[in-house]
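For reference, the structure is listed below as structure tokens.
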Amino acid sequence: MKYVSTRGNSTSRNFTEILLAGLAPDGGLYLPEAYPRVTQAELSEWRGLSYPALAFKVLGKFITDMPAGDLKQLIDRTYTAQVYCNGRPGGDAAEIAPLRTLEPGLHLLELSNGPTLAFKDMAMQLLGNLFEYALDQGHAELNILGATSGDTGSSAEYAMRGKHGIRVFMLSPQGKMSRFQTAQMFSLQDANIFNIAVQGVFDNCQDIVKAVSNDHAFKDRYKIGTVNSINWARVAAQVVYYFKGYFAATQSNDEQVDFSVPSGNFGNICAGHIARMMGLPIRRLILATNENDVLDEFFRTGVYQPRATAQTFQTSSPSMDISKASNFERFIFDLVGRDAATMRGLWGQVDAGGAFDLSQTQYASHFARIADYGFVSGTSCHADRLATIRRIWEQYGVMIDTHTADGLKVGLEHREQCVPLVCLETALPVKFEETIREALKREPERPAGLIGIEDLPQRFEVMAADASAVKDFIAAHAA
């Protein structure tokens, strides 16, 4: 399996070569030269597998340059009940990523039982083990630079804390995350973890990560890697739980399923797109945004227009407060027939602060193919989140977080009774206590080990939204 850049000006590479790289040298994102296809026989064989066994089958399609025994060992060490079944109060320790049925044909895929209570743990814990393996093989060190709007940061830091040869520099928008999310990150005292609170919004943080990654001399000198979903390994790991959710929601491989996915940076739903391209019988991918509705606008109109900092709203589903979805480039690459010249033109406009419109004549044939990929979309606002949280609690006795509420609200708008609807859970409600109290007039349950986390000493640096300042900080603290 070889990987190519969406911009077309980088040589193809294998998995271990791109694992630590993040962006391609030409500024694009890596994707397989061709998506591996899953046969009906394989679907039947995989249906009854445990999560680690399923992960080995799926990821083995993408990771072909690592000894199979080593990959299996890493996966088996990652996906254990000890890691993934401790977070949810009263949770089932017997299964990883269990499917919770609210009513016949309506399901939640529980992805938030990991150490930071968010779906990001499903991929990030594996990424930490993959990084450590690759660095040990090459006797190398790595400085990870990441950006987070809420959950990526803590998931990355918990996955990388104490890993030898790794230091983490995590950017987050100052004052824009929930108190719980902030405390999860800033209370870590590990010597290899550095939190930087950027005076701006998430898109400023993401732009800094890309700017540093595109400074190839600096990147090479300080061995910069990334854990954001621009890293292909993270997206590949997320593909696994689409297979898990499909098998759990169906009785046979003749059935189709709709997945509803809360979407900010497009990484989570991009994994669903890839699973569908592999042959998983997904009928529709229902994309749910909050008030930052850039992605919904695209799927309705063909216009992709990232917003400026001042136009990016701070909402009660803060992990989706994103107006420039970096993973979106992977989907557009497929939509335009993998035409790298077209991609360079489109993203040249975006990188210059502009927009593109695929409904225009020269691109209209591409936009007309949206339906072929199964995407539909919708938006949700604060009032919608409150109403959905109340409805799910009153109707099913299930408490959900704000992002999952966005996903359920939009998913239910598109629901058809004859097709199972699986909504991907984003996080546990405790991460967004203020909104849960507003909606339900009660406190969400909190795992015993996280009681009082907001009162712990916090360790972080405040910095302007300036790539040069971040580079200076990395240079002073790098491994």
> For the stretch 116-125, does any single residue satisfy the condition of being without any contact (Cβ under 8 Å) to a residue 40 or more places away in the chain and either touching a helix residue (DSSP H, G or I) at 6+ places or on another chain (Cβ under 9 Å) or not charged (D, E, K, R) (or both)?
Replying inline: yes
>> Take residues that are closer than 30 Å to residue 439 by Cβ and tell me which of the helices (runs of 4 or more DSSP H) falling wholly in the stretch 323-424 contain 3 or more.
In response: 382-396, 402-413
>> Suppose the filter is among the aliphatic types (A, V, I, L, M) and touching a Gly at 6+ places or on another chain (Cβ under 6 Å); does residue 285 pass it?
In response: yes
>> Let me confirm something: among 154, 172, 187, 213, which residue is of a type in the set (Gly, Ala, Ser), in contact (Cβ under 8 Å) with a residue 60 or more places away in the chain and buried (at least 22 other Cβ atoms within 10 Å of the Cβ)?
In response: 213
> Checking residue 108 against (1) at pLDDT 95 or above; (2) part of a helix (DSSP H, G or I), which test does it fail?
Replying inline: (2)
>> If I filter the stretch 315-328 for residues that are in contact (Cβ under 8 Å) with a residue 60 or more places away in the chain, on the phi > 0 side of the Ramachandran plot and either touching a strand residue (DSSP E or B) at 6+ places or on another chain (Cβ under 8 Å) or buried (at least 18 other Cβ atoms within 10 Å of the Cβ) (or both), do I get at least one hit?
In response: no
>> Filter the stretch 72-85 down to the residues that are closer than 24 Å to residue 261 by Cα and modelled with pLDDT under 95 and list them by number.
In response: 83, 84, 85
> Can you name every residue in the stretch 453-472 that is at pLDDT 95 or above, part of a helix (DSSP H, G or I), surrounded by 15 or more Cβ atoms within 10 Å (Cβ to Cβ) and not small (Gly, Ala, Ser)?
Replying inline: 470, 471
> Across the stretch 239-270, which residue is surrounded by the fewest Cβ atoms within 10 Å (Cβ to Cβ) among those that are touching a Gly at 6+ places or on another chain (Cβ under 9 Å) and over 26 Å from residue 314 (Cβ atoms)?
Replying inline: 247
> What number of residues within the stretch 51-74 are under 15 Å from residue 240 (Cβ atoms) and touching a residue at least 12 places away in the same chain (Cβ under 8 Å)?
Replying inline: 14
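Here's the yes/no breakdown for (1) in a helix (DSSP H, G or I); (2) modelled with pLDDT under 95; (3) more than 30 Å from residue 95 (Cβ to Cβ):
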{"site": "172", "(1), (2), (3)": "no, no, yes"}
{"site": "176", "(1), (2), (3)": "no, yes, yes"}
{"site": "203", "(1), (2), (3)": "yes, yes, yes"}
{"site": "227", "(1), (2), (3)": "no, yes, no"}
{"site": "237", "(1), (2), (3)": "yes, no, no"}
{"site": "246", "(1), (2), (3)": "yes, no, no"}
{"site": "273", "(1), (2), (3)": "yes, no, no"}
{"site": "285", "(1), (2), (3)": "no, no, no"}
> Within the stretch 329-357, restricting attention to residues that are touching a strand residue (DSSP E or B) at 6+ places or on another chain (Cβ under 9 Å) and among the charged types (D, E, K, R), which residue is surrounded by the fewest Cβ atoms within 10 Å (Cβ to Cβ)?
Replying inline: 338
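From the list 450, 424, 440, pick out the single residue that is surrounded by 13 or more Cβ atoms within 10 Å (Cβ to Cβ) and touching a strand residue (DSSP E or B) at 6+ places or on another chain (Cβ under 7 Å). Break it down into steps so the answer makes sense when it comes.
Values: 450 fails: touching a strand residue (DSSP E or B) at 6+ places or on another chain (Cβ under 7 Å); 440 fails: touching a strand residue (DSSP E or B) at 6+ places or on another chain (Cβ under 7 Å).
The match here is 424.
Quick check on my filter: what residues within the stretch 232-258 are touching a Leu at 6+ places or on another chain (Cβ under 7 Å) and not aromatic (Phe, Trp, Tyr)?
At the first step, the residues of the stretch 232-258 found to be touching a Leu at 6+ places or on another chain (Cβ under 7 Å) are 233-234, 236-237, 240-246, 248-249, 253, 258.
Passing the criteria: 233, 234, 236, 237, 240, 244, 245, 248, 249, 253, 258.
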> So, in the stretch 17-48, of the ones that are among the charged types (D, E, K, R), at pLDDT 95 or above and not in a loop (DSSP other than H, G, I, E, B), which residue ends up surrounded by the most Cβ atoms within 10 Å (Cβ to Cβ)?
Replying inline: 42
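The values are calculated or read from the model by the stated rules, or taken from the named source; none is laboratory data. Computed from a predicted structure; not experimentally measured. All Cβ positions, glycine included, derive from the backbone under ideal geometry; neighbour counts span all protein chains shown.
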